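Just below is one structure, and these are the notes that go with it.
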Amino acid sequence: MTTTAAAPNRWLRLLGPRNISAVYLLIVMVVFAIIVIPNLFLQSTTLLSIVDNGTMTALLAVALTLPLATGVYDLSVGTLVAFSGVVTAVVQTGLGVPLPIAIAVSILAGLLSGLLIGLVNAFLVVRLRIFSLIATLGMNSVLIGLTTAVSGNRTIAGLSDEFKALVNTQVFGSITLGPVYLLIITIVLWFVLEHTPVGRYLYATGGNPDAARLAGVATARYVTLALVLCGGIAAFAGIVLAARTGGASLAGGPGFLLPAFAAAFLGATQFKNGRFNVWGTVLAVYTLETGSKILYLWTQAGWLSNIFYGLVLIVAVGIASSRGRRRPGIRRPGIRRRRAAPAEEAPAPA
């Protein structure tokens, strides 16, 4: 009797608005678009642009899921996208070696730049115990200067067709390789976070660092791992963006930061009841991308996107904070501050 009654309750919980609110929001927006702008929205080019444009934001958002799961922020990832793209473009166009070698070396240089920046962020947060918001905000400013210096404050163009084909090759109809890379990275991160001890330790570090440390979890090590991997994935996003556009500059990257944060926090309210997770993040990215696209097609006002993403970020953080208060022992960035942080401490008041 108990099992029979529990099954419907389980399905009601799984399909309830509290668990998959983004799905219902997406349905409402699509119905609205079909009614208001059917000729503009029901176009294959519109749907493809949502998929393609969402890929970059989704790569950055799933990267952010890692440090957010461990309880720290990384505000440098947007500019890191631009920096790694510029490094890749400069190395590729200026190396003066056979093209296949130039492509391979430039991709390696771009990825290493991201991993190195992630390692520096981890050093600042874990070893020097600088509050992650301040440390990564400072790194963001450093990267703006470095990107300007490396690029000469210009767009590095002239990337080879072979390099661009690594992303722009169509594999499923008009779908390019970019979404395929996103799918692979998402599956790998989902497996690591949900089905390995590393994922459990990452979540334990973000949930209750004191308890995790007392249980023998090397919390500093897992914060370091999260920031380094986040830097590496953000750098990969920069390489994808450079290949997709055929060039790289400082402008290509910082604009993805706000949508990525909005998606990560909205994604935390999906599937896992307030816990950062990659599938919730991807769902949130494409829900927000669809909403932004519908707003633009309906009003032709591009500035509405920033307002839309900002409001979503505020609402999503509010919902996550509300759930956090109802779940003692669960900590998320900006929601609850731990008493004694081995990895970071809030700045002392002046």
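The values are calculated or read from the model by the stated rules, or taken from the named source; none is laboratory data. No experiment lies behind these values; they were computed from the predicted model shown. Neighbour counts are summed over all protein chains in view; Cβ atoms, including those assigned to glycine, are modelled from backbone coordinates with ideal geometry. In case anyone asks, the SASA skips ligands and DNA or RNA and just uses the protein heavy atoms, side chains included. Shrake-Rupley method; radii C 1.70, N 1.55, O 1.52, S 1.80 Å.
If you take the square roots of the eigenvalues of the alpha-carbon gyration tensor of the range 1-124 and sort them as a ≥ b ≥ c, do you get rounded (a/c under 1.5), prolate (a/b over b/c) or oblate? Judged from the Cα gyration tensor, the range 1-124 comes out oblate (a/c at least 1.5, b/c at or above a/b). I need the shape label for the range 107-226. Rule: rounded when a/c is under 1.5, else prolate if a/b > b/c, else oblate, with a, b, c from the alpha carbon gyration tensor. It is oblate, given that a/c is not under 1.5 and a/b is not larger than b/c.
Note on Tyr222: accessible area is roughly 30 Å² with a 1.4 Å probe, heavy atoms of protein only. Computed from backbone phi with θ = phi - 60° and the Karplus coefficients 6.51, -1.76 and 1.60, the 3J(HN,Hα) list for the range 273-283 is 6, x, 9, 4, 8, 6, 5, x, 5, 5, 4 Hz; x is used for glycine and proline.
How many angstrom lie between the C-alpha centres of the range 281-322 and the range 258-275? Spelled out, the Cα-based centre of one part sits 12 Å from the other.
Taking the average, over residues, of other Cβ atoms within 10 Å as the packing measure, peptides 230-243, 118-131, 293-306 rank 230-243, 118-131, 293-306 from highest down. Decide, for the range 95-144, between rounded, prolate and oblate: order the square roots of the alpha carbon gyration tensor eigenvalues as a ≥ b ≥ c, take rounded if a/c falls under 1.5, and otherwise choose prolate if a/b is larger than b/c, else oblate. Prolate shape, in that a/c is at least 1.5 and a/b is the bigger ratio. Put simply, the amide H of Leu75, placed in the peptide plane, has neighbours under 5 Å in Thr136, Leu137, leaving out anything fewer than 5 places away on its chain.
Taking θ as phi - 60° and the Karplus parameters 6.51, -1.76 and 1.60, the scalar couplings of the range 185-193 work out to 4, 5, 4, 5, 5, 4, 5, 5, 6 Hz in sequence order, x denoting glycine and proline.
Measuring r between the beta carbons of Ser44 and Ile314 and using R0 = 30 Å, the FRET efficiency lands at 0.35.
Farthest toward the positive end of the dipole of the range 76-226, out of Ser141, Asn121, Gly216, is the Cα of Gly216, where the dipole comes from beta carbon charges about the Cα centre. Phi angles across the range 233-241 convert, under the Karplus curve 6.51 cos²θ - 1.76 cosθ + 1.60 with θ = phi - 60°, into 3J(HN,Hα) values of 5, 4, 5, 4, 4, x, 5, 4, 5 Hz, Gly and Pro given as x.
Distance between the 7 Å Cα→Cβ label points at Phe191 and Trp11: 3.1 nm. Less than 5 angstrom separates the built amide H of Thr176 from those of Val171, all sequence-distant by 5 or more or on a different chain.
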